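First the structure, in the form of structure tokens, and then the observations on it.
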Amino acid sequence: MAKEPVRVLVTGAAGQIGYALVPMIARGVMLGADQPVILHMLDIPPAAEALNGVKMELVDAAFPLLKGVVATTDVVEACAGVNIAVMVGGFPRKEGMERKDVMSKNVAIYKSQASALEKYAAANCKVLVVANPANTNALILKEFAPSISEKNITCLTRLDHNRALGQISERLNVPVSDVKNVIIWGNHSSTQYPDVNHATVKTLAGDKPVRELVNDDAWLDAEFITTVQQRGAAIIKARKLSSALSAASSACDHIRDWVLGTPEGTWVSMGVYSDGSYNVPAGLVYSFPVTCCNGEWTIVQGLAINEFSRKKLDATAEELSEEKALAYSCLS
């Protein structure tokens, strides 16, 4: 029997990431090759014409799984009945802008969108925040959508997770699918901590630790970390535009694993509500290693944290606490 369509909202849908993301969703990359979808696309009024152009292209592509498209600049219409919301739209930091200016713009955007999701989204709607500052935008969204469970509001650090997998894959010249269980801890910013201490690579002799195979602690504890932290800036320098294709692909990975589950023995990185695990202050949206089953994520527990890692975990938590204070000062 055919499945009922799932309504997926993409905000900022006429932008670069949105343009890369909506065909992936329509093709089944996010929810599976047997799951029909109805796409809800939201953007700001100045982008209305471009948004309509994206809708025309979706129609022209004749995706078998796509059962309808709502393209709108009205936040209520966009949020009505949605089961999954991918929040790509946000106010980007522009040259000369202070962090507080960016934060206050995004607080206003997320306050409005959270209120609409609160009132009009389907029960148990899952929310993924992509727009930066992603962790803190997710926190603001929760503030103004109190009936959406904190377990249902997440932010994207899968892009950083995938970047870390890619760097190890290139360094060892192995398929990226053979590398697993890297971790991104903390903020989706340059303080994030890409951690390979628990990561392994599939070999003919079984799974081997990444540290053992790379056999270069100096690289793993310095250049590898900064490469992953600054990958977004490197792409902007190369493309003269920010990451779009990889961001869209990792958003699909994040939702797919959340909804359909992570493979046995594998964990992924998600920005989720801290419950105090690993001595991370509760009440921050912080990236942890998680496993997913039956549409629920669970933080992986009991991993050993060495002194080097502890400092990194604390530093990114401190930045998130500062961001939280800044965001809340914009609310008053």
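From (1) touching a strand residue (DSSP E or B) at 6+ places or on another chain (Cβ under 8 Å); (2) crowded, with 19+ Cβ neighbours inside 10 Å, pick out the condition that doesn't hold for K67.
In the conditions (1) touching a strand residue (DSSP E or B) at 6+ places or on another chain (Cβ under 8 Å); (2) crowded, with 19+ Cβ neighbours inside 10 Å, K67 misses (2) alone.
Output the qualifying pairs, or none if there are none: Cβ atoms under 9 angstrom, residues six or more apart or on different chains, first residue in region 221-248 and assigned to a helix (DSSP H, G or I), second residue open to solvent by less than 40 Å² (accessible area, probe 1.4 Å) and among the acidic types (D, E).
That search, which allows pairs on different chains as well, returns I225/D195; V228/D160; Q229/D160; R231/D160; G232/D160.
Looking at this structure, is E264 of a type outside the set (S, T, N, Q), over 15 Å from the mean Cα position of the chain (by Cα) and assigned to a helix (DSSP H, G or I)? Break it down stepwise before answering.
Working: of a type outside the set (S, T, N, Q): yes; over 15 Å from the mean Cα position of the chain (by Cα): yes; assigned to a helix (DSSP H, G or I): no.
No.
Can you tell me which residues in region 93-107 are surrounded by fewer than 16 Cβ atoms within 10 Å (Cβ to Cβ), within 18 Å of S329 (Cβ to Cβ) and not charged (D, E, K, R)? Before the answer, list the steps.
Kept after step one, since they are surrounded by fewer than 16 Cβ atoms within 10 Å (Cβ to Cβ), are these residues of region 93-107: 94-101.
Filter again for within 18 Å of S329 (Cβ to Cβ), leaving 97-101.
Within region 93-107, M97 is the sole residue that qualifies.
Could you please find all residues in region 266-286 being more than 23 Å from V8 (Cβ to Cβ) and open to solvent by less than 50 Å² (accessible area, probe 1.4 Å)? If you could, list the steps in order and put the result at the bottom.
Step one: list which residues in region 266-286 are more than 23 Å from V8 (Cβ to Cβ), which gives 266-267, 274-284, 286.
Residues satisfying the conditions are T266, W267, S274, G276, S277, Y278, V280, G283, L284, Y286.
Anything in region 136-159 that is open to solvent by 40 Å² or more (accessible area, probe 1.4 Å) and touching a Leu at 6+ places or on another chain (Cβ under 8 Å)? List them, or say none.
Of region 136-159, the ones open to solvent by 40 Å² or more (accessible area, probe 1.4 Å) are 143-144, 146-147, 149-151.
Answer for region 136-159, where residues must be open to solvent by 40 Å² or more (accessible area, probe 1.4 Å) and touching a Leu at 6+ places or on another chain (Cβ under 8 Å): just E143.
Name, by its number, the condition in (1) out of contact with any Ser or Thr (no Cβ under 7 Å at 6 or more places or on another chain); (2) open to solvent by less than 40 Å² (accessible area, probe 1.4 Å); (3) of a type in the set (G, A, S) that does not hold for A61.
Evaluating A61 over (1) out of contact with any Ser or Thr (no Cβ under 7 Å at 6 or more places or on another chain); (2) open to solvent by less than 40 Å² (accessible area, probe 1.4 Å); (3) of a type in the set (G, A, S) leaves (2) as the failure.
Could you please find all residues in region 322-332 being in contact (Cβ under 8 Å) with a residue 12 or more places away in the chain and open to solvent by 50 Å² or more (accessible area, probe 1.4 Å)?
Answer for region 322-332, where residues must be in contact (Cβ under 8 Å) with a residue 12 or more places away in the chain and open to solvent by 50 Å² or more (accessible area, probe 1.4 Å): K324, L331.
I'd like the full set of residues that are on the phi > 0 side of the Ramachandran plot and over 20 Å from the mean Cα position of the chain (by Cα), limited to region 70-129.
G81, G96
Within the set of pairs 6+ apart or on separate chains, which have a first residue in region 153-180 that is in a helix (DSSP H, G or I), a second that is acidic (D, E) and open to solvent by less than 40 Å² (accessible area, probe 1.4 Å), and C-beta atoms under 9 Å apart?
Pairs that qualify, where the first residue is in a helix (DSSP H, G or I) and the partner is acidic (D, E) and open to solvent by less than 40 Å² (accessible area, probe 1.4 Å), are R158/D253; R158/D257; L159/D253; H161/D253; N162/D253; A164/D195; S169/D178; L172/D178.
Would you confirm whether or not region 189-210 contains a residue that is touching a residue at least 24 places away in the same chain (Cβ under 8 Å) and assigned to a helix (DSSP H, G or I)?
Yes, some residue in region 189-210 is touching a residue at least 24 places away in the same chain (Cβ under 8 Å) and assigned to a helix (DSSP H, G or I).
Per-residue answers, yes or no, for (1) of a type in the set (S, T, N, Q); (2) open to solvent by less than 30 Å² (accessible area, probe 1.4 Å); (3) touching a Lys or Arg at 6+ places or on another chain (Cβ under 7 Å):
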{"residue": "T191", "(1), (2), (3)": "yes, no, no"}
{"residue": "V210", "(1), (2), (3)": "no, yes, no"}
{"residue": "L220", "(1), (2), (3)": "no, yes, yes"}
{"residue": "A234", "(1), (2), (3)": "no, no, no"}
{"residue": "S249", "(1), (2), (3)": "yes, no, no"}
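The values are calculated or read from the model by the stated rules, or taken from the named source; none is laboratory data. Owing to the predicted nature of the structure, the values given are computational and were not obtained by experimental measurement. Neighbour counts run over all protein chains shown; Cβ positions are idealised from the backbone, glycine included. Accessible surface is based on the protein model in full, side chains and every heavy atom, while ligands, DNA and RNA are left aside. Shrake-Rupley method; radii C 1.70, N 1.55, O 1.52, S 1.80 Å.
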